[in-house]
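Okay, so here's the structure we're looking at.
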Amino acid sequence: MIIMKFGGTSIQDTTAIKRISETILQRKSEHPAVVVSAIGNSTDSLEEMSAVAAQKDRRQAYALAIQFISFHKKLAHALGCDDDSGLQAVFTSVENDLRRIVDNILQSGHVARHIRDELSSLGEYCSAHIITAYLNSIGCDSRVVDAREIIVTDSQFGNAHPLVEESSIKIKQILKPVAEKDTIAVMQGFIGRDTFGRTTTLGRGGSDYSATFIGAILKADRVEIWSDVDGVLTADPSIVPKARRIRYMSFQEAAELAYFGAKVLHPSSLLPAIEHGIPVRVLNSNRPDYAGTEISDQKPKGQQHCVFKSIAYKEGITVIKVSSTRMLMAYGFIASIFEIFERYQTPVDLISTSEVSVSITIDDTSRLSEIRRELLRFAQVEVLQKKAIVCLVGEALKRETAVTGSIFSELSDFVVYQISHGASDINISFVIDEENISPVVNTLHTLFFKNGADERLFGSEL
Ligand code: ADP
Ligand code: ASP
Ligand code: MG
């Protein structure tokens, strides 16, 4: 069995949906279970709808709701599957849900986190049903398996995590029998349900996580992540247009890249695959025959010539510098700092310590003022905003430690606030001003990936 996950751009219009349906059919003998994102940018429009409703702009909120539903109806019509009675019932229930949720937000003037998740889940609900109706209309027997019935999560709305034991029972009971037959199971990515029966979402881009989670539980032969790029690239192509496809990556390399911002994979998506050793392929739905990137624990030969495989960056980073000459060396000082971050449920990305201070980066600033207040009880605190983490990843870094010098001499024109090298021996990360992301990443890309770099690693062979 395989898992095939299609992102928003891979299903954005009739041509794209017809193309991925062919790709699914070609793999039918491998028993694919299909995971879909919302169509195009429809999750963005649902988020906009809740923001507009929270500002009590009734007219605009209703206009967006009507636009959302008519977009999906038109697409189903253009695909020729809108006479499916099940699909008509889905549109009616989505219309009712939109009205109920938007009215609730308009009335209260704010968006409760569980309400936001309920609204955001409607994009995947529509896409899963439209794609299933289309597959059935071309004679490919398929069925929606509702993700909320099989993915049980914690109650962290907007950033939920699936619970392994609870979900495992349901996935094996409900999804597995469908996927083992000749029926294609199509499920929504991104969403689940908490133990109280409320809809949750796994964070933006969370369909990747749904796919690897299901793949790990079903011990799939592989998980395919279908997107709009040729695979995992040496950098984000929107800022480095010459970024190149990476043919093979280890689980660890891909996990670090995803965590440090390579948007093509959700930050937590590699974890289930690593735990269960399930290979992940990142593929381009516009070029279905291209080999893409293979992520696994198999080590192909010929990688030793390249120190780095890819550069990622994460924007919107805040640096918190905590100093206390009196306390720093004192037993328990660092522990008391981290206890505060833990208490306010704020994950920390990079940490570095000097003789007089500890620097910590965070990206979630929702509890920053409380954290700052607590830290000020025993230390001086400086907060630097609008920073970015740049992260270079590659397993060969373990052997080539001298490379750090060449990175920072090349970046001598830019302020570097914090460096972390060694926490993981396959990455070097450092903090810069957000406005310098593009020049810094391009400078490093030219340094490490100029044409002529190892063709066995980046080569354009299929
Ligand atoms: P999908 O809708 O298919 O899930 P995403 O927009 O979430 O697609 O992710 C794909 C996008 O990730 C690409 O279009 C690209 O702009 C961006 N991206 C950022 N870093 C990388 C990288 N290192 N390799 C490939 N794509 C990247
Ligand atoms: N539709 C969701 C989003 O846009 C999830 C996903 O695409 O993976 O973030
Ligand atoms: Mg994505």
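So if I place +1 on the C-beta of Lys and Arg and -1 on the C-beta of Asp and Glu, and nothing else carries charge, what would the dipole magnitude of the chain be about its Cα centre? I want it in debye, nearest 20.
On the way: 49 positive and 58 negative charges, 24 e Å.
Its charge dipole is roughly 120 debye.
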| task | Please turn the phi angles of the range 174-191 into ³J(HN,Hα) values with the Karplus equation 6.51 cos²θ - 1.76 cosθ + 1.60 (θ = phi - 60°), one per residue in order, whole Hz, x for glycine and proline. | result | 9, 7, 4, x, 5, 5, 6, 7, 8, 7, 8, 8, 10, 10, 6, x, 6, 10
| task | Step through the residues of the range 15-26 one at a time and calculate ³J(HN,Hα) from phi using the Karplus curve (6.51 cos²θ - 1.76 cosθ + 1.60, θ = phi - 60°), rounding each to whole Hz and writing x for Gly and Pro. | result | 4, 5, 5, 5, 5, 5, 5, 4, 4, 5, 4, 4
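Fully extended, how many nm does the chain gain between Thr195 and Arg99 (0.36 nm per residue separation, minus their Cα-Cα distance)? Display every interim value, and only then the final one.
On the way: separation 96, 0.36 × 96 = 34.56 nm, distance 2.56 nm.
Result: 32.0 nm gained on full extension.
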| query | Which Cα, out of Met187, Ser168, Gly203, lies furthest along the positive dipole direction of the range 160-243 (beta carbon charges, K/R +1, D/E -1)? | reply | Ser168
| note | Per the rule of 0.36 nm per residue minus the C-alpha distance, extending Ala335 to Ser412 adds in nm 24.3 nm
| query | Of Gln26, Val264, Gly158, whose Cα points farthest to the positive end of the dipole of the chain (charges on the beta-carbon: +1 Lys, Arg; -1 Asp, Glu; origin at the Cα centre)? | reply | Gly158
| remark: Counting only protein heavy atoms with a 1.4 Å probe and every protein chain in place, the carbon and sulfur fraction of the accessible surface of the chain in whole percent equals 48 percent
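Pick out, in residue order, every one of the chymotrypsin sites (Phe, Trp or Tyr not before Pro) in the range 191-271 that is DSSP loop and has at most 11 other C-beta atoms within 10 Å; say none if there are none.
Details: sites: Phe196, Tyr209, Phe213, Trp226, Tyr248, Phe251, Tyr259, Phe260; in loops: Phe196, Phe260.
Filter output for the range 191-271: Phe196.
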| request: Could you tell me which of Leu119, Gly332, Val223 has its Cα farthest along the dipole of the chain towards the positive end, charges placed at Cβ (Lys, Arg +1; Asp, Glu -1), taken about the Cα centre? | output: Leu119
| message | With angles folded into 0 to 90 degrees, how steeply does helix 333-343 sit against the dominant principal axis of the chain? Use alpha carbons for both and round to 10. | response | 20 degrees
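Would you mind getting the accessible area per residue of the chain, heavy atoms of the protein chains only, 1.4 Å probe, in Å²? Mind showing how you got there, number by number?
On the way: 20410 Å² over 462 residues.
Spelled out: the 1.4 Å probe surface of the chain, per residue, equals 44 Å².
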| field | Gain on full stretching of the segment that runs from Arg59 to Asp297 - 0.36 nm per residue minus C-alpha separation | value | 80.4 nm
| Tally Lys and Arg at +1 and Asp and Glu at -1 over the other residues with C-beta under 12 Å from the C-beta of Ser155: what net charge comes out? | 0
| task | Can you tell me the 0 to 90 degree angle between the C-alpha axis of helix 207-217 and the longest principal axis of the chain, rounded to 10? | result | 80 degrees
| said: Given points 7 Å out from each Cα along the Cα-Cβ axis, report the Glu275 to Ser29 separation in nanometres with one decimal. | reply: 3.4 nm
| In degrees from 0 to 90, rounded to the nearest 10, what is the angle of the helix 122-137 Cα long axis to the longest principal axis of the chain? | 50 degrees
| request: Beyond 21 Å between alpha-carbons counts as too far, so tell me which of Lys18/Lys74; Lys73/Lys170; Lys18/Lys181; Lys28/Lys73 fall in that bin. | output: Lys73/Lys170; Lys18/Lys181; Lys28/Lys73
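The values are calculated or read from the model by the stated rules, or taken from the named source; none is laboratory data. The structure presented is a predicted model; accordingly, all values stated were derived computationally and were not measured. Using ideal geometry, Cβ is built from the backbone for each residue, glycine included, and neighbour counts are taken over all protein chains shown. Just so you know, the surface numbers come from the protein's heavy atoms only, side chains and all, with ligands and any DNA or RNA stripped out. Shrake-Rupley method; radii C 1.70, N 1.55, O 1.52, S 1.80 Å.
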